[in-house]
C-alpha cells in the first residue's frame with residue numbers, strides 16, 4: 001500500500017535507541033500517517049528519493065495520498081534484524097485506500113533500512129505473504145506500536 005507513496009540476517013537488535021532502525025521506521029510511518037511528507041523525505045534513502053527534491057517528493061506524495069484516499073490507522077513495528085549496514089524491520093500496518101487495500105485489511109510489511117550518511121534510512125518496503133509471516137512476526141507482545149518497546153517488550157498505542 002505504501003508503495004503508492006514512494007517508488008518503491010543476522011542477529012536481532014532491539015531498537016530502544018532513538019537512532020535505531022525501528023525508531024527511524026516509526027518516525028517515517030508516523031510522518032506518513034500525519035501527512036508530514038517533508039519529515040518522511042528526511043528519513044528515506046537517496047535511492048527512494050529517485051533524484052527528487054524535497055519539494056517534488058512532498059508535492060507528489062500529497063497528490064498520491066489524496067488520489068488514493070490513503071488512511072493509515074495504526075502500525076506496529078517489530079524488532080529489526082540487523083546485519084552490518086542493513087536492517088530488516090517487520091511492521092504490521094492497519095490502513096485503507098481506494099485502490100489496493102479497499103477493505104482495510106491488515107498488511108504485514110518488511111522494510112529494508114540502510115545506513116547512509118551515518119544514519120539509518122528507509123530504503124524499501126515489501127509485503128510479507130502468509131507463509132512467511134511467522135518468520136518475521138513474533139507474538140504481538142514483542143511488538144511496539146508507534147513507539148519503542150519497554151525493556152521487556154509489551155504493547156502500547158500512539
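For this structure, a couple of remarks:
- Residues of region 1-43 that turn out to be surrounded by fewer than 19 Cβ atoms within 10 Å (Cβ to Cβ), modelled with pLDDT under 50 and not in a helix (DSSP H, G or I), as a count: 8
- Within the option set 71, 54, 59, being at negative phi, surrounded by fewer than 19 Cβ atoms within 10 Å (Cβ to Cβ), in contact with a strand residue (DSSP E or B) (Cβ under 8 Å, 6 or more places away or on another chain) and modelled with pLDDT of 95 or more holds for one residue only, 71.
- Filter pass, residue 85 being modelled with pLDDT of 95 or more, farther than 22 Å from residue 138 by Cβ and in contact with a helix residue (DSSP H, G or I) (Cβ under 7 Å, 6 or more places away or on another chain): no
- Members of region 96-114 found to be surrounded by fewer than 21 Cβ atoms within 10 Å (Cβ to Cβ) and either closer than 20 Å to residue 20 by Cα or touching a helix residue (DSSP H, G or I) at 6+ places or on another chain (Cβ under 8 Å) (or both), listed by number: 97, 98, 99, 100, 108, 110, 112, 114
- Which numbered condition residue 63 fails, given (1) assigned to a strand (DSSP E or B); (2) more than 26 Å from residue 136 (Cβ to Cβ): (1)
The values are calculated or read from the model by the stated rules, or taken from the named source; none is laboratory data. No experiment lies behind these values; they were computed from the predicted model shown. Quick reminder, even Gly has a Cβ in these numbers, built from the backbone with ideal geometry, and neighbours come from all protein chains shown.
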